[in-house]
Each structure stands twice: as C-alpha cells, then as structure tokens.
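Engineer: One structure coming up, written as structure tokens, with questions to follow.
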Amino acid sequence: MTVQEALRWASSFLEERKLEPPVAEWLIRHYLQVNRTKLFTMLQDPIEPKWIDQLEHDLHEHAKGVPVQHLIGYEEFFGRRFAVNKHVLIPRPETEELVVAVGQLAAKLFRDEQVTVVDVGTGSGAISITLALEHPTFEVNAIDISEEALFVAQKNAKNLEADVHFLKGDLLQPLINQQKKVKLIVSNPPYIPLTDAEQLAVHVRDHEPHLALFGGQDGLDLYRRFMTELPQVIEQTGIIAFEVGINQARIVEAMLAKAFPYATTEIRNDISGKERMVFAYGDMSKDEG
C-alpha cells in the first residue's frame, strides 16, 4: 500500500463515521515524522505494514472518542509541540489569539519594563510557556491545582527550554499566601456550564479533564471567585486577561468593571467573530467608596 492509498482509505473510514478526514493525514505524518510538504512528496512511496496496523488501531480508537492528540501525544500551539494527555486540556487555536492580545497590551502599557506574569490554571503550560518564549522580559509564573497537570507543564517547559516558575494551588492562593503581586494575570479557566455537559462531543466530555472544563452550573463560578482574589494580587497598573465561553463575555466584563472601576475593560472577538476574550487594564485601584 502506498502513502496515498493509506490516506485515501483512512479518510474514507473517518468520513463514513462523520469524523474529520484530516485526522488521517495527521496520524500518518506523525508515524512518518514528516511535515505536510514532505508528505506530499512521498504519496507514491510504499508505507510499512506496521504503520498500516497502527493506523487501523488508532482510527478505531478515535472512532470510540479518543482525541487524536491523545493518540499522538501532542498538540501544536504557536508553532511549538506541547505534550498532552488526559490530565490537561488540549490547547485550542482560539487561545493563541489570547496570547497575542496579551503581548500587544503589555507592550503598550509597560513598554520596556519587566513584566511579572501569572497564568492561572496553566494545564499543559501552553499560555505560560508561550509568553515566556515570545517575551523574554516577562517573569512568568504558572499555577494549577492539579499535580498531574503541573507534571505535564513542567515537562513541556523543559522540552521547550522555557523559564517558568510553577506553583501548585487553587486559583491565586499561592501568590496571596506569598503576598506577591504581579502586573499581568491571564487565565483560560474552566467555563463550560454543567448544564451543557451532555451536548459536548464525546472526545471532549469523556477524555478531557472535567476539572479543566466545567465552571459550575452556569460556567461562571471561577470568574466569581477570581473577583475576590484579583485585587489582592494585581499591581496598581496591570492587565487582567480572560478567555471566556459563548455568551459569557458581557457578564465577565461587568464583573471586572465592578471590581476595578478605574480600569479600562474591553471585549475582543476571536477569528470566528465570537466574543471570547475579556480584558481589564490600566489603573487597577480599588474603589475606596
């Protein structure tokens, strides 16, 4: 069997089950350890029987709901390879937009100053590690409540040679306990309402950590808790950046406006035109009245 025949067969298998055909290419590229351009130069080459067996196995696993990222062990984020497993959320492309926006805001607000950062609920470390690598002047901390998630994040930081200080704890408690303040707080917290659980795709609901997915009945529990902790950790001039779920942006923006009445609040759309990012920045003084 040639590479092209294997691709065609695997794509048909996926289409028949209403699954994404590009998964076939992703798996074969992983087995052969080649990029897309190289793969297309190999289409007429024979493919080893062991890879056909592996492909058949992985396709059946994927059809049962196992995410392709768990089958190959990684996801690409900002052009880098991040190890993922059942203990961490698989990084999404929309979160790359949050990282870009955070960098732009920091450049405007802090210019050449050193920026202390914390990524809350770091998971695989995608946000914290990317910020550390893209902005060498950032002093980056990352918090997660899950020991298993921190293990994955630390492994990714080591593999990608990123300087990130990891802390175990619930939301901002590790910094509050240390009485440490930072200029930039970023988080992609659990925000899916429990009421939406049954509507989730099986590969998300059954294979990604519920700790990283669900934010209470309405999905907003973590944001509510943040509002009591943020003022204890943010510097007087700072940035708070959140990723939010569908139809949550206006509510979270209102929470931030109430907690930080002198700050500028802003909602930004993702590439699909959905309101998925909420920011508060500038004067983070608390209302003394």
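Taken together, the values in this text are just the output of simple stated rules run on the coordinates, not laboratory data. As the structure is a prediction and not an experimental result, all values here were calculated from the model. Cβ: placed from backbone, ideal geometry, glycine included. Neighbour counts: every protein chain shown.
Engineer: Relative contact order of the chain: what whole-number percent is it, with Cα pairs under 8 angstrom and at least 6 residues apart?
Structural biologist: Once normalised by length, the contact order is 14 percent.
Engineer: Under 19 Å Cα to Cα from K50, which aspartates and glutamates show up? Leave out anything in the same chain fewer than 8 places away.
Structural biologist: Within reach: E5, E25, D58, E61.
Engineer: In the neighborhood of Q54, defined by Cβ-to-Cβ distances under 12 Å, what is the net charge if each Lys or Arg adds +1 and each Asp or Glu adds -1?
Structural biologist: Working: positive: K50; negative: E48, D53, E56, D58, E61.
With Lys, Arg at +1 and Asp, Glu at -1, the neighbours total -4.
Engineer: For the chain, give me the percentage of DSSP beta bridges that are antiparallel, rounded to the nearest 5 percent.
Structural biologist: On the way: 19 of 40 bridges.
Here the antiparallel bridges make up roughly 50 percent for the chain.
Engineer: How much of the pair distance distribution for segment 3-64 lies past 15 Å, counting alpha-carbon pairs only, in percent?
Structural biologist: 43 percent
Engineer: Then there is this: Rounded to whole Å and ordered largest first, report the semi-axes of the equivalent ellipsoid of the chain derived from its Cα gyration tensor (root of 5λ).
Structural biologist: Values for the chain, descending: 39, 20, 17 Å.
Engineer: Next up: Take the Cβ-Cβ distance between T137 and N247 as r, set R0 to 30 Å, and report the resulting FRET efficiency rounded to the nearest 0.05.
Structural biologist: Efficiency, rounded to the nearest 0.05: 0.25.
Engineer: Could you give the distance between the Cα centres of segment 223-268 and segment 18-67, to the whole Å?
Structural biologist: Going from one Cα centre to the other spans 43 Å.
Engineer: Work out the FRET efficiency for H57 and Q173 from their Cβ-Cβ distance, taking R0 = 41 Å, and round it to the nearest 0.05.
Structural biologist: 0.45
Engineer: Further question: Note down the nm distance, to one decimal, between modelled labels 7 Å out along Cα→Cβ at F151 and at E5.
Structural biologist: Output for this residue pair reads 4.3 nm.
Engineer: Kindly provide log₁₀ I(q)/I(0) values, in the same order as q = 0.08 Å⁻¹, from the Debye equation applied to equal alpha-carbon scatterers of segment 1-149.
Structural biologist: One equal scatterer on each Cα of segment 1-149 leads to -0.32.
Engineer: Using Cβ counts within 10 Å as a stand-in for footprinting exposure, how do F13, F260 rank, fewest first? Each step should come with its number before you reach the end.
Structural biologist: Details: F13 19, F260 24.
With the fewest neighbours first, F13, F260 line up as F13, F260.
Engineer: Additional query: Go ahead and estimate [θ] at 222 nm for the chain from helices alone: -39,500 (n - 2.57) per DSSP H run with n ≥ 4, summed, over the residue count, rounded to 500.
Structural biologist: So the calculated ellipticity at 222 nm is -13000 deg cm²/dmol.
Engineer: For segment 31-148, what proportion of DSSP beta bridges, expressed in % and rounded to the nearest 5, is antiparallel? Walk me through the intermediate numbers first.
Structural biologist: Working: 4 of 10 bridges.
Taking every DSSP beta bridge within segment 31-148, about 40 percent pair in antiparallel fashion.
Engineer: Kindly state, to the nearest 0.05, the FRET efficiency for E20 paired with L43, given R0 = 25 Å and r defined as their beta-carbon distance.
Structural biologist: The pair E20/L43 has a calculated efficiency of 0.80.
Engineer: Return the single residue from E15, E75, E253 with maximal mean-square fluctuation; model: Gaussian network over the chain, springs between Cα atoms under 10 Å.
Structural biologist: Among E15, E75, E253, the largest mean-square fluctuation in the Gaussian network model of the chain belongs to E15.
Engineer: Taking the Cβ of M277 as the centre, find all other residues whose Cβ is under 13 Å away and add up their charges (Lys, Arg: +1; Asp, Glu: -1).
Structural biologist: Neighbourhood net charge equals -3.
Engineer: Report the residues of segment 118-142 in range of a label on E161: point 7 Å along Cα→C-beta, backbone N strictly under 17 Å from it.
Structural biologist: Residues 129-137 fall inside that zone.
Engineer: Counting other beta carbons within 10 Å of each residue's own, what order do H165, H30 fall into, fewest first? Write down the numbers at each step before the final one.
Structural biologist: Details: H165 13, H30 17.
Least crowded to most crowded, the residues run H165, H30.
Engineer: Among K108/K181; K155/K258; K64/K168; K108/K168; K108/K258, which pairs are too far apart, with a Cα-Cα distance over 28 Å?
Structural biologist: K155/K258; K64/K168; K108/K168
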